[in-house]
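See below for the structure under consideration.
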């Protein structure tokens, strides 16, 4: 690999920037930590960092003076890989971005490509997508809130709600054939209709889940030990949150009711009646409560979508982009040609650029796709909410104790796959 | 029978002697038994913890090592024994080894004075089901338990690891703070009983014909304070700050491998066992159980038993019931552990200093007032 | 900041009541919840599946281990067109195409066939794109079998010896477009289950 | 799983001329092997998606505690089984190696999922193409992510290894050579 | 680039609905922009898929972003994302930065692009306006080697510190190059 020697290390501006940084004292380096303070290396294998964030904390006893996060420990080069893959092969990549709620990523990506290609998805498929996405949101919030419980020391609630997650996995399995990395849906709709078993499992789950959720809430919501741990811990004001580019539950906890589903409705979200829970202080407790309430709102949406699930096709009538059924490929020459073209990635993509965003589990999940008409994107940039708001973490934990820092981290729900791309 | 205070049975025919066997002889047997039982219980506490936690969480727990997974603790022990010893770089070797040993020794020592049962008489030999009867039993337990924290602190400090050090600091301050409240809650018991001997305290909690004279009735507040402090002293959730996994990895035992780590784990369970035993003895009547005298009299009068064997039966029943009480407490410890979140360091300190200690002082005053008023005795 | 959507639902964080400040009600509530689960687990309803002995039913469309299908007459369906290899995002599929010779019509259905067909199960992400890409309905991901863990890396290259389904139809996977009546029956039973 | 090869190369034969292990030694070995097999405390090195499936394995439906492995030891000193779950980027690779070096013998490694085993779909400049380039791996679990059933299968394979392993293996020159080939002291 | 976006304007959706409310809003926005910053500041004004896209120069970018943020009417104070891009064929304008800003109050989005030569990839930082720009700029530096003047801590963020190239540039290969199990000579890409 050729060394790009024109830039790295030799460019004057970089040197200046580094000197400036050291002189300004804005970003502490390890060298200027004084003798009385401890440097604690939190992560990357620390249990509470859930894998891979590293925070070098400067501590006075148990109090955090400053923190320097290091990320990139599972950088997987999504954006570069996406430049070498045809559109449909990018779906498995998006699965692995926010793996707690892969269907939202899948659908967001499909909608981006549909926007580029000008494909209109029938109403039934849109409702099916809404169901899948809201299920994903529930599971995402469940995992975040229950892990918050684990990090405060209460492990049991996590296992109670994880059973529900397991049931949602079963529903996913009936919908698309996989549990976690779903690869659900296709450009132009879903790959198959909901089976009767899937609908039945979904209905059963909708009946049993609220009781478990109530139980989970009653274990935590008003428990003083828990409240003491989370109230006024890791707060952030609305102004700072916006300045840091927060979206999703973390922004709503600070009191801003920004939700992509309402502001820029996609996939028929305008049909559903739901509310946007907002907090007041932006602390850990607000984040917890906002996520809990969003679970209830998502349940409302799923119920509405399931009740009003329209009849009709589950995919767009777009033979150029949506794979023909297997039997047709077998018999029909035209279908076979489309099949080959789609699989080879030789679809007629227009030249252009499109930004589409969905409300992911953690906030506005944006896909910025630049197409040059080829079989792969020319450039695909993901607006990854975790990456954007995790940089506020040091500011949120400075001055609090180590325990608070861990609670704050898990309440922000930073998903490593999304953070590092 | 005028056995008002449940003293040891007197029979006309033979005068029982306490020192028939050489003192050290039977006492060492009892001590060995107590030692073994403590270890066994601690070992199976790990199993119980796993199964109870599993059931509380809708799981099944270990079930593949032996029938119902009963060999699980043995597997863990053998594995820990055969694991590689490890000394972290820069650690003080002597202290590093001393830490877990101290924790284990102190944990085991405190169980020596617990009266596990009333006397048992074989012929002319009378056995006290207790390791050592000392008239300062309570002080002994208290003193030894406070030594236990040194094991943790030394181990954490010797590990040369910041997480361990933080855990050790937390353990030290936590134990010292909660010992105060614990001691004060005990003072109220002392005021009622007038003795430091655990055996005496136990025997005082039984009145023929009245079963409810357990100290819990006289000291409900004191018991709650003692219970909370017992959780803190044994480092169990919600007070498991010294080793809380999500914050400090393993706390003071982060750097320990093999059986040295096993000793820490066992010491924790032995401490739980001892704390449960002390609570049973101090507040729940120890080996006494309701209607024991009525049962004995009924056996003697209606069934024609000898008084000695009837008393022996009562003693054995009492022993079993005491273990029942202990197991109930151990279960409670585990139940709480798998239910509640833990405190934060400063909240824990605030709870100890601003709530529990004033409450304990109030309890002393209240007890004194009630004694003066003649309401309790 | 003003409301952006008019659909905001303000969550009020009520201050703690005296009872809540005394810790005890919430503690007892939590304890009662866990105890309820304890009794439920100890008496009847355990959700745990004791895995090697008991198995959870999988969805009939679960994406498990690959299989190369045969047709009704027991001939291999694969024609080595390579679409699955192109579609594979992990680049885990390799094949070598060969011309069918005279006399092999009962072995291979098409004039071209895969002389070798290898899937690297360690690379594979079981996304199902190969199955979707196959125009001959030859490659399927079975719903009832998963790739087993193994000790050595080279054991994960699955060649035709392990991928092609057995000639005996009763030993075949239930997924795919050909089902024997019995298989169809078991499938419908499982769906009903 | 009948087609699993028994890993002969992992076993160490007693040298020629040395008397075989006596009854006591063999039964001790089998007892120790059984104990180790039933008490594999995992170190969940969970970086991404597979970590969530590991949580499912820990969860009530699958319950890894049945195998005696529910105590996750985040401290490498106390762990027996390093479960590498998820993508290991090149930035992360030295840390994995360090964690492995810190583990006390006997130690096993289970690579869970396509990324840890081989890099999976991430054949990119930043991803390590399989952790067996930096540490020896005992059991590979394919899948992306593997189902919990597969994880339990993998755990049982590790148990098989632990059960049949000679307690002298870790001192054998073959094992030292294996470690040396990975440049682990 | 320019020719790309022109073609995209003729994409199916755009041709179908020229009179949609989004277009009217975009026209208003553009008029406001030109009033604020001058008519000739923006070139290549497009509306691909309803999102107003303008191109400006790196000399003006900081001023424009600050103006957008402070303008009381527009309140375009949310930086959605920014990313770098590399067009190796465009002589003298090889590298680019693309900013997406969003006015939450008016629910209006705007895309601003700047291009500059690869030999002098220097852009003013936005960290003084947006705290969120910090890591995004570090990412752009990491991927494309774009240097942001005034950035407090311009070091690599996702890749290892001693990497000696900027991997998202088009000339560098995606693959690790050490993969051994890819033997597909027939169907590989």
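Table for the structure above
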quantity	calculated
Average beta-carbon neighbours from other chains, 10 Å sphere, peptide A:378-389	4
Volume of the Cα convex hull of the range B:215-323, divided per residue and given in Å³	115
Taking chain B and dividing mean pair separation by its residue count, relative contact order in percent (alpha carbons under 8 Å, at least six apart)	23
Contact order normalised by residue count of chain A, Cα under 8 Å, 6+ apart, percent	23
Percent of beta bridges antiparallel (DSSP, the range E:2-149, rounded to nearest 5)	70
Distance between modelled label sites at residue A:37 and residue C:10, nm, 7 Å Cα→Cβ extension	3.9
Expected 222 nm ellipticity per residue - DSSP helices of 4 or more, -39500 (n - 2.57), all of the protein assembly as shown, to 500	-14000 deg cm²/dmol
Length-normalised contact order for the range D:42-110 - Cα pairs under 8 Å, 6+ apart - percent	41
Between the range A:276-351 and the range B:28-81, the Cα center-to-center distance that results, in Å	51
Taking the convex hull of Cα positions in chain B, its mean projected area over all directions (nm²)	21.0
Most to least packed among A:208-214, C:115-121, A:140-146, D:107-113 [average Cβ atoms within 10 Å]	D:107-113, A:140-146, C:115-121, A:208-214
Rg(Cα)/(2.2 N^0.38 Å) for the range A:314-373, N = residue count	1.48
Separation in nanometres of the label points that stand 7 Å from Cα toward Cβ, at residue C:112 and residue E:34	5.7
Antiparallel %, DSSP beta bridges [both residues in the protein assembly as shown], to 5	70
Dimensionless Rg ratio for the range D:35-181, taking C-alpha atoms and the 2.2 N^0.38 Å reference	0.98
Cα centroid separation, the range B:313-365 to the range A:114-154 (Å)	44
Semi-axis lengths, Å, chain A, gyration tensor of Cα atoms, sqrt of 5 times eigenvalues	39, 29, 17
Mean Cβ neighbour count within 10 Å, used as a protection proxy, ranking A:236-246, A:380-390 highest first	A:380-390, A:236-246
Residue mean of other protein chain beta carbons inside 10 Å, A:215-222	4
Kirkwood Rh, Cα atoms: Rg over Rh of chain C	1.25
Computed P(r) (all Cα pairs; the protein assembly as shown; 10 Å bins; percent)	1, 8, 16, 20, 19, 15, 10, 6, 3, 2, 0, 0, 0
GNM result for chain A, Cα springs below 10 Å: residue of A:401, A:267, A:102 fluctuating most strongly	A:401
The range D:35-181 - share of DSSP beta bridges that are antiparallel (%, nearest 5)	5
Exercise: per-residue mean of other protein chain Cβ atoms within 10 Å, E:159-169	6
Highest average packing first - E:38-46, A:289-297, A:358-366, Cβ atoms within 10 Å	A:358-366, A:289-297, E:38-46
Where only C-alpha atoms are counted, convex hull volume of the range E:2-149 per residue in Å³	110
The range D:23-64 and the range B:249-307: distance between their alpha carbon centers, rounded to Å	32
Highest-MSF residue in chain C out of C:19, C:87, C:147 [GNM, Cα springs under 10 Å]	C:19
Stokes-Einstein D for the range A:219-295, Kirkwood Rh over Cα pairs, 37 °C, 0.692 mPa s (µm²/s)	251
Per-selection metrics, the range B:248-377 (Cα): Rg and Dmax in Å	21.5, 63
Under the Debye formula (equal points on every Cα, no solvent term), log10 I(q)/I(0) of the range A:154-205 at q = 0.14, 0.16 Å⁻¹	-0.42, -0.52
Top of A:225, A:370, A:90 by mean-square fluctuation, Gaussian network on chain A, Cα under 10 Å	A:225
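The numbers here are math on the coordinates, done by the rules we state, and not lab data. Nothing here was measured: the structure is a model prediction, and the numbers come from that model. Positions of Cβ are backbone-derived with ideal geometry, glycine not excepted, and every protein chain shown enters the neighbour counts.
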